[in-house]
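Q: After the structure tokens below, expect a handful of questions from me.
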Amino acid sequence: MRRFSATNPPAQPPSPCGSPLAPHGPKPTLRAAEPSTAGRLRLRLRPTAEAAVRAGHPWVFDQSIRSQNRPGQLGELAVIYDRRDRFLALGLFDPDSPLRVRVLHVGRPVQVDRAWWRQRLVAAMQRRVGLFYNRTTGFRCIHGENDGWPGLVLDRYEQVLVLKLYTGAWLPHLAELTALIQAELQPRALVLRLSRNLAEATRARFQLHDGQVLAGELQADRAPFLETGLRFEADVRRGQKTGFFLDQRDNRRQVEALSAGRRVLNAFSFSGAFGLYAARGGARAVTDVDISPHALEAARRHFDLNRADPAVARCVHETLQADCFEWLSQARTRQFDLVILDPPSLAKSQAERPGALRAYHWLATHGLRLLRARGILVAASCSAHVQADEFFDVVRQAAAKARRRFVELATTGHPADHPATFPEAHYLKCIYLQVS
């Protein structure tokens, strides 16, 4: 069975999805979930929302809908018309969410059939050809709205694919979507992950559950893969996100480049990836701190998987189970040369944003207390409701308030396989400060 890898694209003329671009035989079509007697679901938007959609924003909220010709069904294809009754856009309708429509297409009318969806998948994979090489076999294939698949992500861990849904609008189309992914990407296994808001309702209504294997055979819950030559395992059925935080790959490589001879603190370590990169980069010692014993077990396992690397073998690896906020407040006697602060999202809504900014300031302040002279602070945020500039500012302010002179080494955002094409998509940011 031929399989696609962005690290090893097939020779032409096959497509980067591992199968020819010539038409396939009859296959299921991703169709709108609408009754044939009801007619097309037609929406018109308020002026501000209409302008936003025309400019490419992929979300339509319930308050933005000015008129609707009839109630819509979950997963139905909704057509949006402008104020002059001309076609504007189409998207997937979700009556159960305030985010009522996930926009699929803007511009001229199109026929949404299997060929259209297939081309979307091909395009997403083509954008990733050349991004990775044969020492990286874990990456994001589809990054939701940013790749034209709103409310859906698809991650690859070697020959295991993980499909995560953030809207129920995809559920009526899941069988067809599964068939398309199987035909084009030919995974050994395809695993379904569901966002928290979907998990319970999906089990009752669609008889689906989080972690379900949709196709193929999953040999183990932990899927092995490579990242820049390091060996990792993704907990694809029960782990956070799709089993691993692929979006921090570039920052991990930067940490590796800064770690030679340093003692490194990796707070909120999860499965220890930052610490492992630091070890390969020549760190003398790495301390991983996380509240989850399962995560720390994974961190130890990842170090063991990579002991063949001389630098990893030499590094002293320590794991501590603790609430990182409590540990940082009590660990004043510990000193490090590099401190990594990569907490989970601290702002799940706009209302939580002020508290998140205070928390980031607190974390930076306490991380700085543990830094030796000429040490490096690496502070990251994955909170979409916190803007990059304001996050960077609170970290700088913490350093200034602590009277630590600093040189700003870098600020970073999203890696290439996690493109961000609209404001709310810019969730990831990281800043590097070297202090006096």
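Quick note: the coordinates plus some simple rules give every number you see, no bench work behind them. What you see is a predicted model; the values in this text were computed from it and never measured. For neighbour counting, all protein chains shown are included, and Cβ atoms are generated from backbone atoms with ideal geometry for every residue, glycine included.
Q: Per-residue HN-Hα couplings for segment 403-420, Karplus 6.51 cos²θ - 1.76 cosθ + 1.60 at θ = phi - 60°, whole Hz, x for Gly and Pro?
A: 6, 9, 5, 9, 10, 7, 7, 5, 10, 9, x, 8, x, 5, 8, 10, x, 10
Q: Something else now. Could you give the dipole magnitude of the chain about its Cα centre, charging the beta-carbon of Lys and Arg +1 and that of Asp and Glu -1, in debye to the nearest 20?
A: Taking the Cα centre of the chain as origin, the dipole is about 640 debye.
Q: Cut-off under 15 Å on the C-alpha distance; same-chain residues fewer than 8 positions from Lys348 excluded. Which aspartates and glutamates are left, in chain and number order?
A: Once the sequence-local aspartates and glutamates are set aside, what remains near Lys348 is Glu424.
Q: Using 7 Å Cα-to-Cβ label points, what is the Arg135/Gln335 separation (nm, one decimal)?
A: 3.4
Q: Hey, another quick one. Please give the FRET efficiency for Arg307 paired with Phe87, using the beta carbon to beta carbon distance and R0 = 45 Å, rounded to the nearest 0.05.
A: 0.15
Q: On a 0 to 90 degree scale, rounded to 10, what angle separates helix 196-206 from the longest Cα axis of the chain?
A: In the chain, helix 196-206 runs at an angle near 40 degrees to the longest axis.
Q: At a threshold of 8 angstrom on Cα-Cα distance, excluding pairs fewer than six apart, so keeping six or more, what relative contact order does segment 84-240 reach in percent?
A: Across segment 84-240, relative contact order equals 18 percent.
Q: Now for a different question. Once you keep just the Cα pairs under 8 angstrom separated by 6 or more residues, what percentage relative contact order results for segment 41-106?
A: Rounded, it is 37 percent for segment 41-106.
Q: What does the C-alpha gyration tensor say about the overall shape of segment 41-106? Classify as rounded when a/c is under 1.5, otherwise prolate if a/b is larger than b/c, or oblate.
A: rounded
Q: What fraction of the DSSP beta bridges in the chain is antiparallel, stated in percent and rounded to the nearest 5? Walk me through the numbers before you get to the answer.
A: Numbers: 48 of 78 bridges.
Roughly 60 percent of the beta bridges in the chain run antiparallel, per DSSP.
Q: By count of other Cβ within 10 Å, fewest leading, how are Glu297, Glu233 ordered?
A: Numbers: Glu297 14, Glu233 21.
Listing Glu297, Glu233 from fewest to most nearby Cβ atoms yields Glu297, Glu233.
Q: I need the shape label for segment 83-185. Rule: rounded when a/c is under 1.5, else prolate if a/b > b/c, else oblate, with a, b, c from the alpha carbon gyration tensor.
A: prolate
Q: Also, I was wondering about something else. Per-residue HN-Hα couplings for segment 346-357, Karplus 6.51 cos²θ - 1.76 cosθ + 1.60 at θ = phi - 60°, whole Hz, x for Gly and Pro?
A: Once rounded to whole Hz, the list reads 9, 9, 7, 8, 5, 5, 8, 4, x, x, 5, 5.
Q: Just to check I understand the Karplus step: with θ = phi - 60° and J = 6.51 cos²θ - 1.76 cosθ + 1.60, what whole-Hz values come out for segment 389-396, glycine and proline as x?
A: Taking θ as phi minus 60°, the curve returns 4, 6, 5, 4, 5, 5, 5, 4 Hz for segment 389-396.
Q: Further question: Give the distance, in whole Å, between the Cα centre of segment 230-261 and the Cα centre of segment 319-335.
A: 22
Q: Pulled fully out, how much extra length does the chain show between Arg66 and Asp389, if you take 0.36 nm times their separation in residues and subtract their Cα-Cα distance?
A: Residue separation times 0.36 nm, minus the Cα-Cα distance, leaves 112.8 nm.
Q: Give me the dipole magnitude in Debye, nearest 20, for segment 77-156 about the Cα centre, with unit charges on the beta carbon: positive for Lys and Arg, negative for Asp and Glu.
A: Once rounded to the nearest 20, the dipole reads 320 debye.
Q: Nearest 5 percent is fine: what portion of the DSSP beta bridges confined to segment 114-223 is antiparallel?
A: DSSP beta bridges in segment 114-223 are roughly 70 percent antiparallel.
Q: Let me ask you something else. Would you work out which of Gly281, Asn251, Gly211 lies farthest towards the positive end of the dipole of segment 204-334, given +1 charges on the beta-carbon of Lys and Arg and -1 on that of Asp and Glu, about the Cα centre?
A: Of Gly281, Asn251, Gly211, it is Gly281.
Q: While we're on this one: Taking only Cα atoms, what is the 0 to 90° angle, nearest 10, from helix 249-258's long axis to the longest principal axis of the chain?
A: 20
Q: Explain nothing, just the number: relative contact order of the chain, from Cα pairs under 8 Å at least 6 residues apart, as a whole percent. Display every interim value, and only then the final one.
A: Values: 923 pairs, mean separation 46.6, N = 436.
Reported as a whole number, the value is 11 percent.
Q: Related question: So if each residue of separation counts as 0.36 nm, and I subtract the Cα-Cα distance between Arg300 and Leu320, what length gain in nm does that give?
A: 6.1 nm
Q: Then there is this: Going by alpha carbons, how many degrees (0 to 90, nearest 10) lie between the helix axis of 174-185 and the longest principal axis of the chain?
A: The two axes meet at around 70 degrees.
Q: Also: In segment 245-435, what % of DSSP beta bridges are antiparallel (nearest 5)?
A: Of all bridge pairs located within segment 245-435, approximately 40 percent are antiparallel.
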